[in-house]
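The values are calculated or read from the model by the stated rules, or taken from the named source; none is laboratory data. Not measured: the values here are computed from a predicted model. When we count neighbours, we look across all protein chains shown, and the Cβ atoms used for this are built from the backbone with ideal geometry, even at glycine. For the accessible areas, the whole protein counts, side chains as well, though only heavy atoms, and no ligand, DNA or RNA atoms are used. Shrake-Rupley method; radii C 1.70, N 1.55, O 1.52, S 1.80 Å.
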Amino acid sequence: MKTVVINASPRRKWNTAQIMKEAAKGAESVGAEVEYIDLYKLDLHGCMSCLICKKADNERCKCYWKDELSPLIERILDADTLLIGSPIYFNEPTSHYRALMERLIFCILSYDGFGSYYDGKVNVGLFFTMNAPEDYYETMMEEYLQSSSQVFGMLNGEVKIYPVFNTLQVNDYSKYAMGAFDEEDKKLSREKRFPVDLDAAFKIGAELSK
């Protein structure tokens, strides 16, 4: 079994990265071969609508744009499991998450019948980390993220979403202009809830990688 784990956060050691590294450990615990990628280290952008992947005689399920994302897409489509983590910025996943989603899904999308050309199966785990509390997520973001994530169903596997709430942004809030946030509340959430989230990421990584 092959599992591709992607940190779609520009921060390589903080909340999202820690969640994804636990998910990777979970995948490894069931014997999966794991590749871990910090997406912001790659030279990439979103779909350029070149339509080369839709040309009549070209190979399907392949992004032809020449950058560092196209080879990653090939490895994802050759994998059994894809685990992606992204922070939420302005109620949306990051631009790099979006770029990957656009390129990956568009190259497998059939314009012959609006289904999927892809005949493999990739289970998908999506982890969204956010400063927002749980009630804000439920009222303002959950429906949208659930809906927008449905496109990963075109990979023919199980799609599981896990939100991580009320994250700690920095270790010392006094060094930043962040007066809108309650540092003690954030640190308490980090102490009490974040270990639960890490454990859940491990379990989801293992479950989807079996």
Being open to solvent by 60 Å² or more (accessible area, probe 1.4 Å) and in a loop (DSSP other than H, G, I, E, B) is the filter here; which residues of the range 32-47 pass it? 43, 45
Scan the range 75-87 and give yes if some residue there is farther than 21 Å from residue 127 by Cβ and among the small types (Gly, Ala, Ser), otherwise no. no
Select from the range 57-101 the residues that are of a type in the set (Asp, Glu) and surrounded by fewer than 18 Cβ atoms within 10 Å (Cβ to Cβ) and write down the one among them that is farthest from residue 168 (Cα to Cα). 57
Could you run through the range 110-125 and say how many residues are open to solvent by 40 Å² or more (accessible area, probe 1.4 Å) and either in contact (Cβ under 8 Å) with a residue 12 or more places away in the chain or closer than 19 Å to residue 2 by Cα (or both)? 5
The number of residues in the range 169-210 that are open to solvent by less than 70 Å² (accessible area, probe 1.4 Å), of a type in the set (A, V, I, L, M) and modelled with pLDDT under 95 is 2
Would you point out the residue of the range 102-122, among those that are over 14 Å from residue 50 (Cβ atoms) and acidic (Asp, Glu), that is modelled with the highest pLDDT? 119
Do we have any residue at all in the range 132-149 that's in contact with a helix residue (DSSP H, G or I) (Cβ under 9 Å, 6 or more places away or on another chain) and at pLDDT 95 or above? no
Flagged in the range 88-124 as closer than 23 Å to residue 24 by Cβ and of a type in the set (D, E, K, R), in numbering order, are 98, 103, 121
Wholly enclosed strands (runs of 3 or more DSSP E) of the range 69-183 bearing at least 1 residues basic (Lys, Arg) and at negative phi: 156-164
Within the range 184-210, the residues that are of a type in the set (S, T, N, Q) and either assigned to a helix (DSSP H, G or I) or in contact with a His (Cβ under 7 Å, 6 or more places away or on another chain) (or both) are 189
Subset of the range 158-185, residues under 18 Å from residue 9 (Cβ atoms) and touching a residue at least 24 places away in the same chain (Cβ under 8 Å), comes to 161, 162, 163, 164, 165, 166, 167, 168, 169
Which residue pairs have Cβ atoms under 7 Å apart, sit 6 or more places apart or on different chains, and have a first residue in the range 1-20 that is in contact (Cβ under 8 Å) with a residue 60 or more places away in the chain and more than 22 Å from residue 168 (Cβ to Cβ) and a second that is basic (Lys, Arg) and surrounded by fewer than 24 Cβ atoms within 10 Å (Cβ to Cβ)? 4/75
